[in-house]
Amino acid sequence: MNNKIKKINFNHSFVFFLLCNVFTLIAFKFDILTVSPIICLFLILSIGISHGSLDNLKGKKLFQILGFNNFLFFYLSYILIALLIIILWIIIPYISLIIFLIVASYHFGKEDTQFLISENSNYNQLLFFLKGSLIVFAPLYFHFDETISIFKLLLIDNESFYNFLNFVEANNVLLYGIILSTLSNILLFTQKFELKNFTIFLDYFSIIIINFYFSPLVAFTIYFCFLHSIRHIISLMSELDSNDLKNGFKIFTKKALPLTILTAIFSLVGLYLLNNAYNFDSSIIKIIFIGLASLTFPHILLEYLIEKNEK
């Protein structure tokens, strides 16, 4: 089954790479490189959020392993962690942002690659982090001012933080970060080499292309929804029905729909409340990134606990 998943993910990466090129050429030709934030929000609240909508099933699996019977505790813990992240972001936004970018880099690098790399060594964990850091370095390198504008919309008003980023940009640290990420892709590519490892470079060049041409928000939306989330959904489909992925997709859709809709409703309520204090586009940016941060931490913690206790 692992070879089947590798093949599916390779085909997915190849199609994604082709579509990135075609879509970029069309968008560049007709000057439609800017996409409305509301479209980005819609895609993230549907495709993006759905890839974590089976966390309740994973929570049940974890509780079975640990021998806990009161499953209500899982929901309360998950929601409280998410709320805690939002509160911390309001109190110490720039520290929360830095931690989020570090955690997200590792998360993206690992989940986009672990189906190819089975060895879970500290060395590979570092490579996963460096690989995923491209999601952070690329928008900063290609669209520094636009990325800084997004940070400012995320309640970041610490002058020292921006002075540091300006120093980083002026001294080509961002380029060095991209080079390190490139090197990590090469090292992961050469581990137990097989043709399907070209998935790594297809993803790498896709991320570079979309970040070069599109704004940081649009580039992130394309990556998060159509590469990262779909790849995770494929793995969930395999877990639900390893013999018939089409049936796995049907089961996934049915099980993911309730929490996806619930999360979308909460997000839209949050958008309505924020829109009373900020302009509409600014409110959308806050919902997307602060909301994702609040969901990412409990999601990653759950994945870690399951992986640790299964061993």
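The values are calculated or read from the model by the stated rules, or taken from the named source; none is laboratory data. It should be emphasised that the depicted structure is a prediction, and the values quoted were computed from it without experimental measurement. So basically every Cβ, Gly included, is an ideal-geometry build from the backbone, and we count neighbours across all protein chains shown. We work out accessible area using only protein heavy atoms, side chains counted, and drop any ligands, DNA or RNA first. Shrake-Rupley method; radii C 1.70, N 1.55, O 1.52, S 1.80 Å.
What is the residue count in the stretch 98-129 for residues that are assigned to a helix (DSSP H, G or I), out of contact with any Leu (no Cβ under 6 Å at 6 or more places or on another chain) and not β-branched (Val, Ile, Thr)?
Residues in the stretch 98-129 being assigned to a helix (DSSP H, G or I), out of contact with any Leu (no Cβ under 6 Å at 6 or more places or on another chain) and not β-branched (Val, Ile, Thr): 17 in total.
Which condition from (1) of a type in the set (Ser, Thr, Tyr); (2) in contact (Cβ under 8 Å) with a residue 60 or more places away in the chain; (3) closer than 23 Å to Phe100 by Cα is the one that Ser238 breaks?
Just one mismatch for Ser238, condition (3).
Of everything in the stretch 179-198 that's modelled with pLDDT of 95 or more and not hydrophobic (A, V, I, L, M, F, W, C), which residue is most open to solvent (accessible area, probe 1.4 Å)?
Thr182
Considering the stretch 27-47 alone, what residues qualify as being farther than 22 Å from Ile261 by Cα, among the aromatic types (Phe, Trp, Tyr) and not in a loop (DSSP other than H, G, I, E, B)?
Matches in the stretch 27-47: Phe28 only.
One residue is enough: does the stretch 7-20 have a residue meeting the conditions in a helix (DSSP H, G or I), of a type in the set (D, E, K, R), closer than 30 Å to Phe205 by Cβ and open to solvent by 90 Å² or more (accessible area, probe 1.4 Å)?
Yes - at least one qualifying residue is present in the stretch 7-20.
Go through the stretch 12-35 and report how many residues are more than 20 Å from the chain's Cα centre (by Cα) and of a type outside the set (Val, Ile, Thr).
The qualifying residues number 10.
Mind listing whichever residues of the stretch 48-97 are surrounded by 13 or more Cβ atoms within 10 Å (Cβ to Cβ), free of Cβ contacts under 8 Å to residues at least 12 places away in the same chain and not in a helix (DSSP H, G or I)?
Answer for the stretch 48-97, where residues must be surrounded by 13 or more Cβ atoms within 10 Å (Cβ to Cβ), free of Cβ contacts under 8 Å to residues at least 12 places away in the same chain and not in a helix (DSSP H, G or I): Phe68, Ile92.
Against the condition within 30 Å of Tyr278 (Cβ to Cβ), more than 20 Å from the chain's Cα centre (by Cα) and surrounded by fewer than 18 Cβ atoms within 10 Å (Cβ to Cβ), how does Asn172 come out, does it pass?
Judged against the criteria, Asn172 is not a match.
Would it be correct to say that Phe220 is of a type outside the set (Lys, Arg), at pLDDT below 95 and open to solvent by 20 Å² or more (accessible area, probe 1.4 Å)?
no
Name the pairs: first residue in the stretch 252-273 and farther than 16 Å from Ile44 by Cβ, second residue of a type outside the set (Val, Ile, Thr) and open to solvent by 30 Å² or more (accessible area, probe 1.4 Å), Cβ to Cβ under 6 Å, at least 6 apart or on different chains?
Correct list of pairs: Phe252/Leu240.
Which residues, counting only those in the stretch 264-281, are surrounded by fewer than 18 Cβ atoms within 10 Å (Cβ to Cβ), in a helix (DSSP H, G or I) and either more than 20 Å from the chain's Cα centre (by Cα) or not aromatic (Phe, Trp, Tyr) (or both)?
Within the stretch 264-281, Ala264, Ile265, Leu268, Val269, Gly270, Tyr272, Leu273, Phe280, Asp281 meet the criteria.
Only residues that are at pLDDT 90 or above and open to solvent by 20 Å² or more (accessible area, probe 1.4 Å): list them for the stretch 26-45, please.
Pro37, Ile38, Ile39, Phe42, Leu43, Leu45
Can you say whether Asp145 is outside any helix (DSSP H, G or I), open to solvent by 70 Å² or more (accessible area, probe 1.4 Å) and under 25 Å from Ile285 (Cβ atoms), as far as the supplied structure shows?
Taking the combined requirement at face value, the residue does not satisfy it.
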